[in-house]
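Quick notes on the structure that follows.
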Amino acid sequence: MDFARKNQQIANSFYNLGLEKARIRDLSGAAECLKKSLHFNKYQIDARNLLGLIYYENGEVADALIQWVISMNFQPEGNLADEYLEEIQRKPGQLEVESQSVKSFNLALQQAQSGSDDLAILQLARVVEQRPHFVKAHLLLALLYMKREDYTKAGRSLYKILQIDKCNPKALYYMSIVKKNTGREEVEKRRMVKAFSHRKMQDDDVIMPATYKENTGISTVLHIIAGLVLGMLAFYFLMMPAREKDLNRVRDEELTSYIQMLNNATQENETLQSEYDALEAQAQEVQTQLDELTTGNTSIMAQYQSLIQVLQNYRTGDLAAAATVFAQSSFDLIEDEGIQAIVENVRQDMASNVYQILVDDGLTQWNAGNRDQAMTYFQASLTIQPANPEAMYYVGRLYQDAGDMDNANAMFDRVVNEFPDSEYVSRVQNARGY
């Protein structure tokens, strides 16, 4: 069997298991199975659509839309996801309501983290009123009630969650704490004991034999064996329960201790995870700022490198290269006033002197027969002084000599249209022959 077929079978198995869990409203278990199904086969459309439905049922509309959009990309035709998306689009303003609910939940979460529990509770109460299936909002609201030791209201929120997702692990854990603090745990235990208890035999109960037969040797042996059996049974049913009760009590105490240790470890792990997430977010923010400073063509480091290159070209007399680099660079991120003064001096020199020096050097190179070098100088002059009809004219002439009439005419047209009073208009007309 090849790996693709094997993965397909595993994915289908997890999908079927997730479907069964969803039918009995074990939405958390169903979601885990469906995620495993998609892990083995991301093209399992039924699993992806069902996962979207579970997200939608839990109030996670954004996650549901993501799954359905991905499903439509994999299978545009004959896909139930199309109906789900169309159903949402037919309800005017639903996406806006969902977006507002998420924003309100995030605001309540920030308020809870900053210690404003009362404001967070008011905010969450409005959220769950608008979106009764928003499981995360119910969980946070129940947690805040538990923090205030208002276990009755916390139990109501948790009960609503378990009606939506009866095996939600966090809701079940919180509910166990609520029951312990409200006395419901002991009441349920007593009900269970009463439901499965048996009536004990009374002293006046008589076991009547069906018939009387005279004892014989064989019957005597049988009676002895029966007596031994009855004695063992009496020991088992009369003595063992007390012993078993003691063992169960010890086991329950040990189990309670282990559960408490596990709960403490879970809470500590959640605290560490929250701290880790906060540190990771800070690290990501710092890394982003560092990338802006050190990487990319628009970073501060790149702008300093461009300025150094311009000054180096100035030093070596390569004004064409200096003009090209300067025109293609931005220096807006450099905050040092001394460096900005240097940039401004270079800009003024480029605009007042360098552009004309480049034109003159271009003419010198042209007269010497170096047309490519001349074109480089003329183009560099235009990069720092675009409104330069002289450089435009010479660039057009070079294109004309090279036989590139399209670019030549484009340059000549710019001279005529943009600088009609320039002396180079008549030169353009002569170059064109009219």
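The values are calculated or read from the model by the stated rules, or taken from the named source; none is laboratory data. Predicted model only: the values in this text are computed from it and were never measured. So basically every Cβ, Gly included, is an ideal-geometry build from the backbone, and we count neighbours across all protein chains shown.
For this structure, a couple of remarks:
- Residue selection: Asn16 fails the criterion of being within 28 Å of Phe105 (Cα to Cα), of a type in the set (S, T, N, Q) and at pLDDT 90 or above.
- In the stretch 121-140, the residues that are without any contact (Cβ under 8 Å) to a residue 12 or more places away in the chain form Cβ pairs under 9 Å with partners that are part of a helix (DSSP H, G or I), at six or more places apart or across chains, as follows: Leu122/Ala108.
- Glu32 meets all of the listed conditions (1) among the charged types (D, E, K, R); (2) in the same structural domain as His133 (by TED's automatic domain parsing); (3) farther than 28 Å from Glu129 by Cβ but one, namely (2).
- Across the stretch 340-374, the qualifying residues are those that are among the acidic types (Asp, Glu) and within 55 Å of the chain's Cα centre (by Cα), and the one among them that is farthest from Leu307 (Cα to Cα) is Asp372.
- Any hit, the stretch 276-286, residues being of a type in the set (S, T, N, Q), more than 19 Å from Met392 (Cα to Cα) and either out of contact with any Lys or Arg (no Cβ under 6 Å at 6 or more places or on another chain) or at pLDDT 80 or above (or both): yes
- Some residue of the stretch 364-380 being in a helix (DSSP H, G or I), at pLDDT below 85 and surrounded by 13 or more Cβ atoms within 10 Å (Cβ to Cβ): yes
- Evaluation of Ala387 against (1) without any contact (Cβ under 8 Å) to a residue 40 or more places away in the chain; (2) surrounded by 15 or more Cβ atoms within 10 Å (Cβ to Cβ) (one fails), failing number: (2)
- Selected residue (only one of Ala323, Ala368 is small (Gly, Ala, Ser) and within 27 Å of Ala302 (Cα to Cα)): Ala323
- For the stretch 390-413, the set of residues classified as surrounded by fewer than 20 Cβ atoms within 10 Å (Cβ to Cβ) and either without any contact (Cβ under 8 Å) to a residue 24 or more places away in the chain or part of a loop (DSSP other than H, G, I, E, B) (or both) consists of Tyr399, Ala402, Gly403, Asp404, Met405, Asp406, Asn407, Asn409, Ala410, Asp413, listed by residue number.
- Considering the stretch 18-47, the residues that are basic (Lys, Arg) and assigned to a loop (DSSP other than H, G, I, E, B) include one that is nearest to the chain's Cα centre (by Cα), namely Lys42.
- All positions within the stretch 63-87 that are within 26 Å of His138 (Cα to Cα) and either touching a strand residue (DSSP E or B) at 6+ places or on another chain (Cβ under 7 Å) or touching a residue at least 24 places away in the same chain (Cβ under 8 Å) (or both): Tyr84
- Of all residue pairs spaced 6 or more apart or on separate chains, those with beta-carbon atoms under 6 Å, a first member in the stretch 19-34 that is of a type in the set (D, E, K, R) and a second member that is part of a loop (DSSP other than H, G, I, E, B) are Arg25/Lys166; Asp26/Cys167.
- Among the residues of the stretch 289-315, those identified as assigned to a helix (DSSP H, G or I), farther than 18 Å from Asn345 by Cβ and at pLDDT 65 or above are Ile300, Met301, Ala302, Gln305.
- Extreme residue, surrounded by the fewest Cβ atoms within 10 Å (Cβ to Cβ), among residues of the stretch 316-333 that are of a type in the set (A, V, I, L, M) and in a helix (DSSP H, G or I): Ala327
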